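The values are calculated or read from the model by the stated rules, or taken from the named source; none is laboratory data. This is a predicted model, so every value here is computed, not measured. Methodologically, a virtual Cβ is constructed for each residue, glycine included, from the backbone with ideal geometry; neighbour enumeration extends over all protein chains shown. Please note that ligands, DNA and RNA were not included when accessible areas were found on the heavy atoms of the full protein model with its side chains. Shrake-Rupley method; radii C 1.70, N 1.55, O 1.52, S 1.80 Å.
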Amino acid sequence: MENKKYLIALDLDGTLLNDNKEITTTTKEFLNKLEKEGNLIVICSGRAPRSIIEYYDFLDIKSPVISYNGALAFDSKDKNFMTISYKIDTSFTKKLYKEIINKEVTSILAEDDNHIYCDKEDDFLFAFFKKENMEVINRNFDENDISSTYIFVMKMKDESDETKESLLNKFNNLNIENRYKLRFWWGCPYCEIHFKKVSKANTLEELRVLENIDKENVLVFGDADNDIEMLSNYKNSFLMKNGNPMLKGFANNVTEFDNNNDGVIRELEKFFNKINH
């Protein structure tokens, strides 16, 4: 291999994980090989840290992790790593909650470091934001003394254009300072609020600079709307074959194989074989 250090940024769901939410042994072995050769493997997910750690531990890698779509980056194996953290001000989300709950939106989930705030139990969201070691506060969001949160996820009453437009209008009317954006999830009736300046790509750039890795030496893999900035920011970007087809214009490559057939690893093998010859 050339004497270069590469940063390999990997989304989890729909990308590194197959549809059974598993990482194959083939994937683990090849990523371990790349890390031993001096490269940095970074998980970049919208999940909460505690929902990422099991995969991080299974891979047995040593690197920072990007969670909450860039709102929190940490390194559980390096005490000297300076945590990167961005939280949404609840003065904004409480106002929005009052306008949308039981109208465009049927329930919400938000969380800080120690609490999950939700007004209804949601098994789908709890798969990504697990309850372990968290206090679950199950009441109306505007009734609580709530600190700023990493996430604010909303379940819409449906996925119609009418519902999305109405929700977006209310969001924009309150977003006077233009600090936040609204992101709709692909293939399900959920959406979330995030800082305009915060994304997987922005936090990944902070890590790249800290690690002194050339931007040309970054490879990114993703499948959904929360990967758009990451896919469009780097030359070596790969949209998964099974990913949202609307994102093809943002990525420079589409994987030959999907997430159920080691699509990530097959592309990495081709990439590193090519630069070695």
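Hey, can you tell me all the residues within region 72-89 that are closer than 30 Å to residue 174 by Cβ and either part of a loop (DSSP other than H, G, I, E, B) or open to solvent by 10 Å² or more (accessible area, probe 1.4 Å) (or both)?
As a first pass, look at region 72-89 and keep what is closer than 30 Å to residue 174 by Cβ: 72-73, 83-89.
Across region 72-89, the qualifying residues are 72, 83, 84, 85, 86, 87, 89.
Report, ordered by the first and then the second residue, all pairs with beta carbons closer than 7 Å, sequence separation of six or more or different chains, a first member in region 37-56 that is assigned to a loop (DSSP other than H, G, I, E, B), and a second member that is crowded, with 22+ Cβ neighbours inside 10 Å and polar (S, T, N, Q). So the pair list comes out as 45/67; 46/69; 46/226; 47/67; 48/67; 52/45; 52/67. Evaluated against (1) within 21 Å of residue 198 (Cα to Cα); (2) among the aromatic types (Phe, Trp, Tyr); (3) over 21 Å from the mean Cα position of the chain (by Cα), residue 129 falls short on exactly one condition, (3). Look at (1) in contact with a Gly (Cβ under 6 Å, 6 or more places away or on another chain); (2) surrounded by fewer than 21 Cβ atoms within 10 Å (Cβ to Cβ) and you find that residue 69 fails only one, number (2).
Somewhere in region 29-40, is a residue closer than 22 Å to residue 191 by Cα, open to solvent by 10 Å² or more (accessible area, probe 1.4 Å) and not β-branched (Val, Ile, Thr)? Before the answer, list the steps.
First, the residues of region 29-40 that are closer than 22 Å to residue 191 by Cα: none.
No, the conditions are met nowhere in region 29-40.
With respect to residue 232, determine if the residue is assigned to a strand (DSSP E or B), farther than 14 Å from residue 16 by Cα and at pLDDT 95 or above. It would help to see each step written out before you state the result.
Working: assigned to a strand (DSSP E or B): no; farther than 14 Å from residue 16 by Cα: yes; at pLDDT 95 or above: yes.
When the stated conditions are applied, residue 232 does not pass them.
Among residues of region 128-144 that are part of a loop (DSSP other than H, G, I, E, B), those with a beta-carbon under 8 Å from a residue that is among the polar types (S, T, N, Q) at least six positions away or on a different chain give the pairs 128/51; 129/51; 130/51; 134/114.
State whether the residues of region 5-19 include one that is over 19 Å from the mean Cα position of the chain (by Cα) and not in a helix (DSSP H, G or I). Yes, some residue in region 5-19 is over 19 Å from the mean Cα position of the chain (by Cα) and not in a helix (DSSP H, G or I).
Residues in region 168-183 that are of a type in the set (A, V, I, L, M, F, W, C), buried (at least 17 other Cβ atoms within 10 Å of the Cβ) and within 22 Å of residue 246 (Cα to Cα): 182 alone.
If you go through region 200-253 and keep only what is in contact (Cβ under 8 Å) with a residue 40 or more places away in the chain, surrounded by fewer than 18 Cβ atoms within 10 Å (Cβ to Cβ) and β-branched (Val, Ile, Thr), you end up with just 213.
Residues are listed down the side, and each one gets a yes or a no for (1) hydrophobic (A, V, I, L, M, F, W, C); (2) in contact with a helix residue (DSSP H, G or I) (Cβ under 8 Å, 6 or more places away or on another chain); (3) not in a loop (DSSP other than H, G, I, E, B):
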residue	(1), (2), (3)
147	no, yes, no
154	yes, yes, yes
165	no, no, yes
170	no, yes, yes
177	no, no, no
204	yes, yes, yes
